[in-house]
Amino acid sequence: MRKLLVLALVGLVAQLIDGSLGMAYGLTSSTLLLVAGVAPAAASASVHLAEIGTTLAAGFAHWRFGNVDWRVVTRIALPGAIGAFAGATVLSSISTEAAAPWMAGILFTLGAYLLVRFARPLRTDRAGGRLRGRFLSPLGLVAGFVDATGGGGWGPVATPALLVSGRMEPRKVIGSVDTAEFVVAGAASVGFLIGLGTEGFLLPTVAALLIGGLIAAPLAAWLVRIVPAQLLGAAIGGVIVLTNARTLIRSAELDGPVRPALYVLLAAGWLAALVFAVRALRRTRRARAEAANASTAAAAASAAAAGPSADEEVPADLAAMGTSAPR
């Protein structure tokens, strides 16, 4: 029972992170299950089955808050589902010994990407035009395949690519990616069901992750508007890197002073990324404040140059007589 409560808490935290960043539910949950000794295919299968419920709730909540671009959802979801089904089929056919370092390597790479991505200022300007299908379809295909084979990756691949395009508001990127993930999670679950059978799903784990995620989904859709993604992304990236580094180091059979030295190096990199993230967040807020002040000053100067309003002008006949307006 205690283990299930912990898993429910993990599902809640993972959904809060995912709903605020548009990524990391699968990364966080799969990383924990791997550490607990769950086979990679079973971990990914269980997480994706739970995601069917959490992404449905998250998508509905994002839709209610106006965070969804349905054109993007329809063009990225189907290719993502195809990629996820293929990835689930591949992972189901690999032995546990071979899959563990493979899955940890994908999660480690995605965690490192989060560190680098959120240590730099986030792009907020939007370019003109709409995102085309020839960009969205391959993106969905790759993101879906990585998501199923790595136990997570739909958000870390799709969300930054859409943010970098500069053609969508960040909140709509996150809402659209979360909504499309419902289709991706369903396709991955079907692939795992065919490849592993029903015994591949850890139903108590699925239920615990699902309950925690459902509780957090509405709150996460609201938090996306106020939580500083810069710090959250760098923080969760470091956790994922350090946790999966443990599996990779064991697989490489690195012993002696090499192992602690690598952990120290990774921890130092995480700390540096957090420092850079804080600096980038401060610069971004300072730039926004300066832009707002400049806009206010420009508006005031424009109003002053236009002269007094019609309500403030003195009637011409009264001015000519040298009298004042009656009180």
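The values are calculated or read from the model by the stated rules, or taken from the named source; none is laboratory data. On a predicted model such as this, the values are computed, not experimentally measured, just so you know. No Cβ is skipped: glycine too gets one built from the backbone with ideal geometry, and neighbour counts run over all protein chains shown. These area figures cover heavy atoms from the full protein model, side chains too; ligands, DNA and RNA do not enter into them. Shrake-Rupley method; radii C 1.70, N 1.55, O 1.52, S 1.80 Å.
Residues in the stretch 46-63 carry Karplus couplings, in order, of 5, 5, 5, 5, 5, 5, 4, x, 5, 6, 5, 5, 5, x, 5, 5, 5, 4 Hz; the curve used is 6.51 cos²θ - 1.76 cosθ + 1.60 with θ = phi - 60°, and Gly or Pro positions show x. Of the residues Val264, Ala297, Leu254, the one whose Cα sits farthest towards the positive end of the charge dipole of the stretch 252-301 is Ala297 (charges of +1 on Lys and Arg Cβ, -1 on Asp and Glu Cβ, taken about the Cα centre).
So, with +1 on the Cβ of K and R and -1 on the Cβ of D and E, and no other charges, what is the size of the charge dipole of the stretch 250-300 about its Cα centre, to the nearest 20 debye? Don't skip to the end; give the middle numbers.
Values: 8 positive and 3 negative charges, 63 e Å.
Using only the charged Cβ atoms, the result is roughly 300 debye.
Below 13 angstrom from the Cβ of Ala57, what's the summed charge of the other residues (Lys, Arg +1; Asp, Glu -1)? If you can, show how the numbers build up before the last one.
On the way: positive: Arg64; negative: Asp18, Glu51, Asp178, Glu181.
Around Ala57, the charge tally is -3.
Taking all protein chains as shown and a probe of 1.4 angstrom, Val38 keeps an accessible surface of around 30 Å². For the stretch 60-213, the square roots of the Cα gyration tensor eigenvalues, ordered a ≥ b ≥ c, give a/c of at least 1.5 with a/b greater than b/c, which places it in the prolate category.
Separation of the stretch 240-312 and the stretch 51-103, taken as the distance between their Cα centroids, equals 28 angstrom. Which shape class applies to the stretch 137-285: rounded if a/c is under 1.5, otherwise prolate when a/b exceeds b/c and oblate if not, where a ≥ b ≥ c are the square roots of the Cα gyration tensor eigenvalues? Taking the square roots of the gyration eigenvalues as a ≥ b ≥ c, the stretch 137-285 is oblate.
Summing charges over all other residues whose Cβ lies under 15 Å from the Cβ of Gly269, with Lys and Arg as +1 and Asp and Glu as -1, gives +2. Where the only charges are on Cβ atoms (+1 Lys, Arg; -1 Asp, Glu), what is the dipole of the stretch 1-118 about its Cα centre, to the nearest 20 debye? Taking the Cα centre of the stretch 1-118 as origin, the dipole is about 200 debye.
Anisotropy class assigned to the stretch 1-91 is oblate, per the alpha carbon gyration tensor with a/c at or over the 1.5 cut-off and a/b no larger than b/c.
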